[in-house]
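The values are calculated or read from the model by the stated rules, or taken from the named source; none is laboratory data. The shown structure was predicted, so the numbers you read here are calculated from the model rather than taken from an experiment. Don't worry about glycine lacking a Cβ; one is built from the backbone with ideal geometry, like all the others, and counts go over all protein chains shown. Calculation scope for accessible area: heavy atoms of the full protein, side chains included, ligands and nucleic acids excluded. Shrake-Rupley method; radii C 1.70, N 1.55, O 1.52, S 1.80 Å.
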Amino acid sequence: QVGLVESGGGLVQPGGSLRLSCEASRIRFTIGDMGWYRQAQGKERELVAQITWDGRTNVLDSVKGRFAISGDSTEKMIYLQMNNLRPEDTAVYYCNVRILFNTAEYWGQGTQVTVSS
């Protein structure tokens with residue numbers, strides 16, 4: 001089954017850091033947009049950060065200056081470096097890739113990030 005494999009979540013204290021990784025090597029098509037979403041309990045899923053097919057980066061305002069997305073569509077790896085984490089960053093984080101010039105997209109299984117003292 002085609003899918004994305006995520007890793008790197010966990011429990012961290014406020015002010016700490018985590019790095020999420022997403023492997024998309026099983027996707028055989030050319031990747032376009034790559035991104036990370038999150039869903040906190042009782043809330044809708046939201047886009048955290050994205051690299052578009054043409055190299056632009058979109059970042060959620062509340063994480064600007066703290067989170068950084070990086071990735072390589074050729075290597076099919078996506079990363080999210082999260083610094084100065086806050087309790088409100090607690091959520092399940094999902095990796096997402098979209099096929100270039102296609103409506104098809106794939107999601108990771110989700111990885112829990114909990115920020116608590």
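Identify, by number, the condition in (1) assigned to a loop (DSSP other than H, G, I, E, B); (2) in contact with a Gly (Cβ under 8 Å, 6 or more places away or on another chain); (3) not hydrophobic (A, V, I, L, M, F, W, C) that Tyr94 doesn't meet.
The number of the failed condition is (1).
Output the qualifying pairs, or none if there are none: Cβ atoms under 6 angstrom, residues six or more apart or on different chains, first residue in segment 26-39 and touching a residue at least 40 places away in the same chain (Cβ under 8 Å), second residue of a type in the set (Lys, Arg) and surrounded by 14 or more Cβ atoms within 10 Å (Cβ to Cβ).
From residues that are touching a residue at least 40 places away in the same chain (Cβ under 8 Å), the pairs are Gly32/Arg98; Asp33/Arg98; Tyr37/Arg45; Gln39/Arg45.
Restricting to segment 71-107, and then to whatever is in contact with a strand residue (DSSP E or B) (Cβ under 9 Å, 6 or more places away or on another chain) and without any contact (Cβ under 8 Å) to a residue 12 or more places away in the chain, can you tell me which residue is most open to solvent (accessible area, probe 1.4 Å)?
Thr74
For segment 39-66, give me each residue that is out of contact with any strand residue (DSSP E or B) (no Cβ under 6 Å at 6 or more places or on another chain), open to solvent by 80 Å² or more (accessible area, probe 1.4 Å) and under 15 Å from Val97 (Cα atoms).
Within segment 39-66, just Arg56 meets the criteria.
Please specify each residue of segment 97-117 satisfying the condition of being of a type in the set (Val, Ile, Thr) and assigned to a strand (DSSP E or B). Steps first, answer last, please.
So the first thing to find is which residues in segment 97-117 are of a type in the set (Val, Ile, Thr), and the list is 97, 99, 103, 111, 113-115.
Val97, Ile99, Thr111, Val113, Thr114, Val115 - these are the residues of segment 97-117 that are of a type in the set (Val, Ile, Thr) and assigned to a strand (DSSP E or B).
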